[in-house]
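Student: Let me begin by handing over the structure; questions about it come next.
The values are calculated or read from the model by the stated rules, or taken from the named source; none is laboratory data. None of the values given here were measured: they were computed from a predicted structure. Here the Cβ positions follow ideal geometry from the backbone for every residue, glycine too, while neighbour counts run over all protein chains shown. Calculation scope for accessible area: heavy atoms of the full protein, side chains included, ligands and nucleic acids excluded. Shrake-Rupley method; radii C 1.70, N 1.55, O 1.52, S 1.80 Å.
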Amino acid sequence: MELRHLRYYVTIVEEQSFTKAAEKLYIAQPPLSRQIQNLEAELGIQLLERGSRPLKTTEAGQFFYQHAVKLLSNAEEIKSMTQRVGMQEKTFRMGFVGSLLFGLLSKIVYLFRLQHPHLKVEWIELSTAEQIAALKAGRIDVGFGRLRISDPAIRRVLLREEPMMVAVQSSHPLAKQSHGVNLVDIVHEKQFLYPSTAKPNFSTQIRHLYSEYGLDPKNLVEVREVQLAVGMVAAGEGICIVPDSAKTIQLPHLHYLPLLDDRAVSPIFMVTRNMDDTEHIRAIFDCVYQVYDLEGIPYQRVEFLNAPSY
Ligand code: BEZ
């Protein structure tokens, strides 16, 4: 006797008709009748009064019906509880580069948590290159970074291009240029680059930016992280190029000026394993756009499935 037999029997009793039960169960009537005959044969008793219209149960059939209903409802409960336990145990892991913390990353993760309360979310700081390796090894499910690193096993989607700013101390002559500065205005300044982790990283991007404009800054000092760089700037030690979102780091005498050159933007990419179209991947992608909408950030929506890489 299988659960399927119980489901058939309960439907027949409730519909009081083989024909109606067969329609409801999406099966033909002859196999349904055979299943009930098999069930009665296995039990060695008759469950339904033969020839009754509408169909009636025997006394044993009524007893069997009541217990079958209970058993089916228990089976449903087990199914949904197991699914819930499975959902609670699922962990979704995200890699991110540190500089994204100053921007929208925390809002995106918070929204994702709100919309997926049963999912355990872990986020791990990793360089873009480390994210690619972690995705391939299955250690993370999604990564957010700033570098255009390609890999045949990885899908990379450009989310947006963040403008860049220049951090200066309030007494610096450039601080008066509140409308902004160009790279050519700052190339000879002492400036801090970060991070000092393995290359390529954000400092590599800044070096490339200068060389794209044929400029060769000579006075570059690499420091461990952005907080240190802007701290040095606030102390009057030099200047520093940062993504717009770093403006959330506020210190006395620290000014941020727009960097006006067209190519002075820092892209933000989302990376996943190729062909990974699972529900949570789509959901995190959707959260990014919901936050952009809330913040009034312009973007070009890219359909994630089979999205082209940029
Ligand atoms: C953003 O600032 O656009 C961003 C930050 C983290 C993840 C995704 C997007």
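Student: Before we move on, is Val221 in contact with a Pro (Cβ under 7 Å, 6 or more places away or on another chain) and more than 20 Å from Pro267 (Cβ to Cβ)?
Tutor: no
Student: Oh, and also: Just one of (1) touching a strand residue (DSSP E or B) at 6+ places or on another chain (Cβ under 6 Å); (2) outside the structural domain of Ile154 (by TED's automatic domain parsing) trips up Pro252, so point out which.
Tutor: That leaves (1) as the condition not met.
Student: Do you know which of the residues in the stretch 13-47 that are among the β-branched types (Val, Ile, Thr) and either part of a loop (DSSP other than H, G, I, E, B) or in contact with an Asp or Glu (Cβ under 9 Å, 6 or more places away or on another chain) (or both) is modelled with the lowest pLDDT?
Tutor: Residue satisfying both the conditions and the ranking: Ile27.
Student: Can you tell me how many residues within the stretch 101-133 are farther than 17 Å from Thr197 by Cα, away from the ligand (no atom under 14 Å from the Cβ) and buried (at least 16 other Cβ atoms within 10 Å of the Cβ)?
Tutor: Summing the residues that are farther than 17 Å from Thr197 by Cα, away from the ligand (no atom under 14 Å from the Cβ) and buried (at least 16 other Cβ atoms within 10 Å of the Cβ) in the stretch 101-133 gives 2.
Student: Also, I was wondering about something else. Find the residue count for the stretch 225-250, including only residues that are of a type outside the set (D, E, K, R), within 16 Å of the ligand (Cβ to nearest atom) and either more than 31 Å from the chain's Cα centre (by Cα) or open to solvent by 50 Å² or more (accessible area, probe 1.4 Å) (or both).
Tutor: 1
Student: Pairs needed: first member in the stretch 98-125, closer than 15 Å to Ile297 by Cβ; second member anywhere, open to solvent by 30 Å² or more (accessible area, probe 1.4 Å); C-beta distance under 6 Å; at least 6 residues apart or different chains.
Tutor: Phe102/Thr248
Student: Looking only at the stretch 148-176, count how many residues are under 23 Å from Val187 (Cα atoms) and within 16 Å of the ligand (Cβ to nearest atom).
Tutor: Residues in the stretch 148-176 being under 23 Å from Val187 (Cα atoms) and within 16 Å of the ligand (Cβ to nearest atom): 5 in total.
Student: Could you say whether any residue in the stretch 270-291 is away from the ligand (no atom under 16 Å from the Cβ), open to solvent by 10 Å² or more (accessible area, probe 1.4 Å) and outside the structural domain of Ala153 (by TED's automatic domain parsing)?
Tutor: no
Student: On to the next question. Condition check: surrounded by fewer than 10 Cβ atoms within 10 Å (Cβ to Cβ) and of a type outside the set (A, V, I, L, M). Does Tyr8 satisfy that?
Tutor: no
Student: Restricted to the stretch 90-100, and to residues that are open to solvent by less than 20 Å² (accessible area, probe 1.4 Å) and under 13 Å from His280 (Cβ atoms), which residue is farthest from the ligand (Cβ to nearest atom)?
Tutor: Ranking the qualifying residues of the stretch 90-100, first place goes to Phe92.
Student: Could you tell me which of the residues Glu212, Glu222, Glu237 is among the charged types (D, E, K, R) and within 18 Å of Ser99 (Cβ to Cβ)?
Tutor: Glu222
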